[in-house]
Amino acid sequence: MASFDVSAWLENDFARLVADRGVPGAAVAVLADGRLHDAAAGVLSLSTGVAATTDSVFQIGSVTKLWTSTLVMQLVDDGLLDLDTPVREYLPEFTTADHVAATSITVRHLLTHTAGFEGDIFDDTGRGDDAVEKLVARMARVPQLVEPGEIYSYNNLGFVVLGRLIEVLRGKAFDQVLTERLITPLGMTHAAPSPYEAIVHRAAVGHIDTGDGVRATSTWALARSNAPAGAMLATSARDLLAFAKLHLDGGVAADGTRVLGAASAASMLERQVDVPLPSASAWGLGFALHDTDAGLVVGHDGGTIGQGAFLRIVPASGVAVALLTNGGDMLGLYLDVVRHLVEELAGATLRARPTPPAEPAPFDAAPYLGTYSDTVYDMVVSQDSDGRVHLDRTPKDVLVEAGERPARMELVRLAPDQLISLESVDGAHSVFAFVGRDDDGRARHIHYGRIISRSTA
């Protein structure tokens, strides 16, 4: 590992890989042996041709959830919050469509994506400081899909609730808390909690594939109501690594200031819940946990409208890699850059994405057939006269805005109650787990990282 020259690799290979993957622009930062290395390539917008630099800010999407989790754990440090106390003790107005289940949802459930309610709610409640509050106030209509604590199901709305909890206990808007308690103490000079700050930097614009080619998006950010889940925050790759280093150093900033308690920092990396799909191994308090042959690797990915972010941290070796992108084959670039650097610098091989078996085994598709729906997708599982099983996925709402198009894929058996697409979609074979059974023996839900329920319509 010591013989690998990070700076030389970035200088010689990064720009080529960005171009090869059709990514308009990207920035990367690497922490290894206590030294920071960074690079940038391409352009921030195909419309303007402005070059990406190491000072450019990109939206980090759901990587923001790690920041929100850190703000929650600061509340624990200050004695203002207990993770296993029901959320309603702090937010009396909090509820879902299942008022009984809502009384038992705890802060820990929200941090670990086990609250059980539908999570992809992206209502635009305006641009004011009350945007998060307004979205939480609408949650009485949100369906409870499974019992709290029953299963991991990725949940954006749960982090909106955490953002509101932070606002109430700190008495300030989420953006202000984020700035005062993380951006400023960590000495970040290129971090923007909203477009109002991003505009003073070289800011990346997302790009989507319209079918006629890749173009810059006309919308820069998602709704402010989802800021705690990842709708707004933009940083440089270097500043994202300043956040990563906080967690590598047990909650202490580079200047020696303690920003997060040591016990809280350690607990965020502890295994809380297993993940039922072959992606991350488990989830901690905010962090995705990846078991590797060289020990634990933690991090998070993020996606917004045409932008993607990837963060991986190897606590045992002090290595961290942040990659920020603005379109094209972002997942492919992650494999070329982040996965490669983590292996070279820390000897940690991140789990490869699953692929279909060479000779798929026959299976009984009857329990899986039908229509499944939520706020962002309709999925229809069908079987043709030749016995082949297909899934038709139709995006809705914010996913259409983000440029996602309908997809049809053939599915084969990967494992018991798990099917995988024969075709690669957006650089990966999609895995679908079918969980639960109704009285007729049919699957109740598809789990694809989050749960989508069988339609009763």
Single residue of VAL381, VAL376 found to be touching a helix residue (DSSP H, G or I) at 6+ places or on another chain (Cβ under 7 Å) and either within 18 Å of GLY436 (Cβ to Cβ) or among the basic types (Lys, Arg) (or both): VAL381
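For every residue, the table says whether it meets (1) modelled with pLDDT of 95 or more; (2) aliphatic (A, V, I, L, M); (3) in contact with a strand residue (DSSP E or B) (Cβ under 7 Å, 6 or more places away or on another chain).
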site: THR355; (1), (2), (3): no, no, no
site: ALA366; (1), (2), (3): yes, yes, no
site: VAL376; (1), (2), (3): no, yes, yes
site: MET379; (1), (2), (3): yes, yes, yes
site: ALA407; (1), (2), (3): no, yes, yes
site: ILE420; (1), (2), (3): yes, yes, yes
site: GLY427; (1), (2), (3): no, no, no
site: ARG442; (1), (2), (3): yes, no, yes
site: THR456; (1), (2), (3): no, no, no
Any strands (runs of 3 or more DSSP E) falling wholly within region 311-399 and containing at least 2 residues that are crowded, with 19+ Cβ neighbours inside 10 Å and in the same structural domain as ARG437 (by TED's automatic domain parsing): 377-383, 389-395
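Give, as residue ranges, the helices (runs of 4 or more DSSP H) completely inside region 120-220 that count at least 1 residues that are surrounded by fewer than 20 Cβ atoms within 10 Å (Cβ to Cβ) and out of contact with any Lys or Arg (no Cβ under 9 Å at 6 or more places or on another chain). Give the steps one after another, and end with the answer.
Numbers: elements: 131-137, 156-170, 174-178, 195-198.
The qualifying helices (runs of 4 or more DSSP H) are 131-137, 156-170, 195-198.
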Given the criterion outside the structural domain of VAL273 (by TED's automatic domain parsing), more than 30 Å from VAL259 (Cα to Cα), touching a helix residue (DSSP H, G or I) at 6+ places or on another chain (Cβ under 9 Å) and not small (Gly, Ala, Ser), identify the matching residue among ASP123, ASP129, ASP175. ASP123
Residue check: is ALA102 in contact (Cβ under 8 Å) with a residue 40 or more places away in the chain, buried (at least 16 other Cβ atoms within 10 Å of the Cβ) and out of contact with any Cys (no Cβ under 9 Å at 6 or more places or on another chain)? yes
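Quick one: which residue in THR68, THR96, THR54, THR64 is in a loop (DSSP other than H, G, I, E, B) and under 29 Å from GLU401 (Cβ atoms)?
When all the criteria are applied, what remains is THR96.
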For region 384-405, the count of residues that are modelled with pLDDT of 90 or more and farther than 15 Å from TYR372 by Cβ equals 5
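Would you point out the residue of region 254-269, among those that are among the aliphatic types (A, V, I, L, M), assigned to a loop (DSSP other than H, G, I, E, B) and modelled with pLDDT of 95 or more, that is nearest to LEU66 (Cα to Cα)?
LEU269
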Which residues, taken from region 282-303, are part of a loop (DSSP other than H, G, I, E, B), over 19 Å from LYS245 (Cβ atoms) and either aliphatic (A, V, I, L, M) or modelled with pLDDT of 95 or more (or both)? ALA294
Looking only at region 56-81, filter to residues that are over 20 Å from GLY302 (Cβ atoms) and in contact (Cβ under 8 Å) with a residue 40 or more places away in the chain; which one of those is surrounded by the fewest Cβ atoms within 10 Å (Cβ to Cβ)? LEU80
Scope region 157-186; condition small (Gly, Ala, Ser) and within 22 Å of the chain's Cα centre (by Cα); matching residues: GLY158, GLY163
Being exposed (fewer than 15 other Cβ atoms within 10 Å of the Cβ) and aliphatic (A, V, I, L, M) is the filter; apply it to region 1-26 and report the residue that is modelled with the lowest pLDDT. MET1
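The values are calculated or read from the model by the stated rules, or taken from the named source; none is laboratory data. Quantities reported herein were computed from a predicted structural model and do not represent experimental measurements. Glycine also receives a Cβ, built like all others from the backbone with ideal geometry; neighbour counts cover every protein chain displayed.
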